[in-house]
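K.L.:
Below is a structure I'd like to ask you about.
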């Protein structure tokens, strides 16, 4: 039997301080037990006010001075935030204490020298409701995605020593309490969420990693050589063990110890490594399961059918205005040569896309459905007064994403029209797909397009779908095409260029790099061969449409 998702405890502010306190976070003022859970982590931006989830933990990057902090605390209190994190040191004054008491928003200080990026990652790990999408919840005995910290604390209590859990690249995954008792390398590891490079280099030179990976038991690691800095305390010895899943090494557990482990503690660490291995495997499986479930729910939501409202609710969305974005990558050669690489790149871009959208709006979501990653971006606070600007805003967000993300392929993003509620998501999805198709067929190199900006091109592509291939070209244009093929002339190009230039011979001739008189002769010849009355607007429109459809048919998506 599975535990219902509603019975799962969610990370509280007290839990966050229990895991990260002393080393990274400290309470400046406020009641940290006031809220039962943290609804999400958001970065404060005074120029572009973000949407806040309920009980948000807000990171006040660049915020300093008690007056400014008190002003932000008051504002966050009106928006239901749980706490504000600012860079240490902060000494509260009467104004700040009064603002905290009135708003109910606690103020925490963040250790100097530590990275905001790393803090955001750890906070999201601790506060993530990893099973939100799973209607059945986790299996009994399985811990949530943030509880690797709880496992580290359990091992620490068992061995009576500070513990860290790291991946194969020495990146910090979780750590226990009591890290203040340890040496500078461990403190740097906690602050930077990565073992210092000089420490890993020495371990590699001493063959420590090789010894750990070869053994299935804990390995004692003697203290490092003296650094020569008399002000720095000496590095302490460690005991380490590899975390394995079969033959695969997932990471390592490191315990600061005064000397080699006793037989009893050696056995305890060995058994603990099995628990950590199960937890890490569960995390990976849960992540894959969450991706699949999110894709199924998003596909249902975007259909705007009878199951859409429930899918929208389970995705954490509300029945509110939103814009659908469609992302894909194009590289025909790579697709035929290395389909696995293309699939991996789609997955990587989807994860990055989901993270980018969630940073813009806490209720945004994204998932890979087939070969297209769809994102749903709820209406931003900046667009509530002018919802007609939502599409343009979404296009700017998409452009910013492509500017930041690196890809050897060519990512494209189509932006659909604003959906007034969940029942209109299907229309917005269709619009995003139509815009995406224009990008895939267009020769101009654009990577982002809003449907409003490419509506005519989308209609022409759909018109081309409806016209049988043998019917284009026809009539006058067909006669000109046949003449070109027989006599190796360029009358079709001349006619197309003249129509594109709205009949301006000077501009058209310059485009084709010929003399205006030569161009006029070719144009007259095209009219004679095709028996086209260029003074007739209907004849011009017919020729222009056929030439455009011929051009679309020559593209891969046409």
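The values are calculated or read from the model by the stated rules, or taken from the named source; none is laboratory data. These figures come from a predicted structure and were not determined experimentally. Cβ coordinates were reconstructed from backbone atoms using ideal geometry, including for glycine residues, and neighbour counts include every protein chain displayed.
K.L.:
Do any residues in region 534-545 that are in the same structural domain as residue 475 (by TED's automatic domain parsing) have Cβ atoms under 7 Å from those of residues that are in a loop (DSSP other than H, G, I, E, B), where the two are at least six apart or on different chains, and which pairs are they?
P.N.:
Here the result reads 539/532; 539/533; 540/534; 543/532, each pair linking region 534-545 to a residue that is in a loop (DSSP other than H, G, I, E, B).
K.L.:
From the list 329, 281, 276, 312, which one is assigned by TED's automatic domain parsing to the domain that holds residue 389 and in a helix (DSSP H, G or I)? So that I can check it myself, show each step before the final result.
P.N.:
Details: 329 fails: in a helix (DSSP H, G or I); 281 fails: assigned by TED's automatic domain parsing to the domain that holds residue 389; 276 fails: assigned by TED's automatic domain parsing to the domain that holds residue 389.
None of the others qualify; the one that does is 312.
K.L.:
Further question: Would you mention how many residues in region 360-388 are at pLDDT 75 or above, part of a helix (DSSP H, G or I) and farther than 24 Å from residue 300 by Cα? Before the answer, list the steps.
P.N.:
Filtering region 360-388 for residues at pLDDT 75 or above gives 360-380, 386-388.
Now drop any that are not part of a helix (DSSP H, G or I), which leaves 360, 387-388.
Retained after the next criterion (residues that are farther than 24 Å from residue 300 by Cα): 387-388.
Going through region 360-388 one residue at a time, the tally reaches 2.
K.L.:
May I ask you to say which residue of 434, 410, 404 is surrounded by fewer than 24 Cβ atoms within 10 Å (Cβ to Cβ) and under 27 Å from residue 52 (Cβ atoms)? Explain how you work it out, then say what you get.
P.N.:
On the way: 434 fails: under 27 Å from residue 52 (Cβ atoms); 410 fails: under 27 Å from residue 52 (Cβ atoms).
Of 434, 410, 404, the one residue that is surrounded by fewer than 24 Cβ atoms within 10 Å (Cβ to Cβ) and under 27 Å from residue 52 (Cβ atoms) is 404.
K.L.:
(1) modelled with pLDDT of 90 or more; (2) assigned to a helix (DSSP H, G or I); (3) buried (at least 18 other Cβ atoms within 10 Å of the Cβ): which one isn't true of residue 210, the others all being true?
P.N.:
(3)
K.L.:
Could you check how many residues of region 296-308 are modelled with pLDDT under 90 and surrounded by fewer than 19 Cβ atoms within 10 Å (Cβ to Cβ)?
P.N.:
Selection size over region 296-308: 3.
K.L.:
With the condition kept exactly as written, say whether any residue in region 73-80 is within 26 Å of residue 193 (Cα to Cα) and surrounded by fewer than 20 Cβ atoms within 10 Å (Cβ to Cβ).
P.N.:
From region 73-80, those within 26 Å of residue 193 (Cα to Cα) are none; that's our starting set.
Scanning region 73-80, I find no residue that is within 26 Å of residue 193 (Cα to Cα) and surrounded by fewer than 20 Cβ atoms within 10 Å (Cβ to Cβ), so the answer is no.
K.L.:
Could you give every pair whose Cβ atoms fall below 8 Å, whose first residue belongs to region 98-115 and is free of Cβ contacts under 8 Å to residues at least 60 places away in the same chain, and whose second residue is assigned to a strand (DSSP E or B), counting only separations of at least 6 or pairs across chains?
P.N.:
That search, which allows pairs on different chains as well, returns 112/87.
K.L.:
Within region 16-45, count every residue that is at pLDDT below 80 and surrounded by 19 or more Cβ atoms within 10 Å (Cβ to Cβ).
P.N.:
Restricting attention to region 16-45, the residues satisfying the condition of being at pLDDT below 80 are 18-23, 45.
Within this subset, residues satisfying the condition of being surrounded by 19 or more Cβ atoms within 10 Å (Cβ to Cβ) are 19-20, 23.
Total meeting the criteria: 3.
K.L.:
Then there's this: Kindly list the number of the only condition in (1) touching a strand residue (DSSP E or B) at 6+ places or on another chain (Cβ under 9 Å); (2) touching a residue at least 24 places away in the same chain (Cβ under 8 Å); (3) surrounded by 15 or more Cβ atoms within 10 Å (Cβ to Cβ) that fails for residue 457.
P.N.:
Of everything listed in (1) touching a strand residue (DSSP E or B) at 6+ places or on another chain (Cβ under 9 Å); (2) touching a residue at least 24 places away in the same chain (Cβ under 8 Å); (3) surrounded by 15 or more Cβ atoms within 10 Å (Cβ to Cβ), residue 457 misses just condition (2).
K.L.:
Taking the options 496, 469, name whichever one is over 30 Å from residue 324 (Cβ atoms) and surrounded by fewer than 20 Cβ atoms within 10 Å (Cβ to Cβ). First the steps, then the outcome.
P.N.:
On the way: 496 fails: surrounded by fewer than 20 Cβ atoms within 10 Å (Cβ to Cβ).
Only one candidate passes the filter, namely 469.
K.L.:
Only one of these conditions is not met by residue 86: (1) under 18 Å from residue 382 (Cβ atoms); (2) in contact with a strand residue (DSSP E or B) (Cβ under 9 Å, 6 or more places away or on another chain). Which number is it?
P.N.:
Just one mismatch for residue 86, condition (1).
K.L.:
Go through region 509-526 and give me each residue that's without any contact (Cβ under 8 Å) to a residue 12 or more places away in the chain and not in a loop (DSSP other than H, G, I, E, B). I'd like the intermediate steps shown before the answer.
P.N.:
So in region 509-526, the residues without any contact (Cβ under 8 Å) to a residue 12 or more places away in the chain come out as 509-510, 513-518, 521, 524.
Result: 509, 510, 516, 517, 518, 521, 524.
K.L.:
Residues of region 513-528 being under 54 Å from the mean Cα position of the chain (by Cα) and over 21 Å from residue 486 (Cα atoms), which ones?
P.N.:
Within region 513-528, 513, 514, 515, 516 qualify.
K.L.:
Still on this structure: Among the residues of region 246-269, write down those that are more than 11 Å from residue 155 (Cβ to Cβ) and surrounded by 12 or more Cβ atoms within 10 Å (Cβ to Cβ). Steps first, answer last, please.
P.N.:
Within region 246-269, the first condition is being more than 11 Å from residue 155 (Cβ to Cβ), and the residues that meet it are 246-252, 256-264, 266-267.
If the condition is that a residue be more than 11 Å from residue 155 (Cβ to Cβ) and surrounded by 12 or more Cβ atoms within 10 Å (Cβ to Cβ), then 249, 250, 251, 252, 256, 257, 260, 261, 266, 267 are the ones that fit.
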